[in-house]
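Everything below concerns the one structure shown next.
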Amino acid sequence: MRRRVWPVLNVGALVAMTCAMSLAAWAGGSGFGDDDDNSEETGPSYFGFVRDSTGATVPDAKVTVSLKNRISIVTRTDALGTYKVPGFGKETDPKDVEVRCDKDGYRQIRVVRRSSPSTDPKIPIENECTLQRI
């Protein structure tokens, strides 16, 4: 009597692919969907990349987004070196928001704001942080 193994393997592969795709959807720990839109209460969100001086992304870097002399939000970059944090409030001027990056063995050499501050709170502000090995 012959035994069929292929249907069992197909089901296993389907389950593995479903799990892998659902994990990829949650990578980074923050949503980018419309259900996360609370722009009526907050100002623009902040997102970006942390790279080293050669252009390679830096995973697990600490990113601090601060409202000058007030509150700070600390997050970490994901495996691709990206981060995202929510806005502070409608009345907050984006020019008063500072982004700093840190990781052991590196020092920050520059932060570049890639997006111009907009009055539309739905448009996020991109900042790219560059670190250098020490």
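The values are calculated or read from the model by the stated rules, or taken from the named source; none is laboratory data. This one's a predicted model, so the numbers in the text were calculated from it and none came from an experiment. In this analysis, Cβ positions are derived from the backbone assuming ideal geometry, glycine residues included, and neighbour counts consider all displayed protein chains. Side chains included, ligands, DNA and RNA excluded: accessible areas come from the protein's heavy atoms. Shrake-Rupley method; radii C 1.70, N 1.55, O 1.52, S 1.80 Å.
Residues of the stretch 59-77 that are among the hydrophobic types (A, V, I, L, M, F, W, C) and open to solvent by 40 Å² or more (accessible area, probe 1.4 Å): ILE71, ILE73, VAL74.
Mind checking whether some residue in the stretch 107-115 is in contact with a Cys (Cβ under 7 Å, 6 or more places away or on another chain) and within 24 Å of GLN132 (Cβ to Cβ)? Walk me through it before giving the result.
Step one: filter the stretch 107-115 for residues in contact with a Cys (Cβ under 7 Å, 6 or more places away or on another chain), giving 108, 111.
Then keep just the ones that are within 24 Å of GLN132 (Cβ to Cβ); that gives 108, 111.
Scanning the stretch 107-115, I find at least one residue that is in contact with a Cys (Cβ under 7 Å, 6 or more places away or on another chain) and within 24 Å of GLN132 (Cβ to Cβ), so the answer is yes.
Number of residues in the stretch 95-131 that are surrounded by 13 or more Cβ atoms within 10 Å (Cβ to Cβ), in a strand (DSSP E or B) and of a type outside the set (Val, Ile, Thr): the value is 12.
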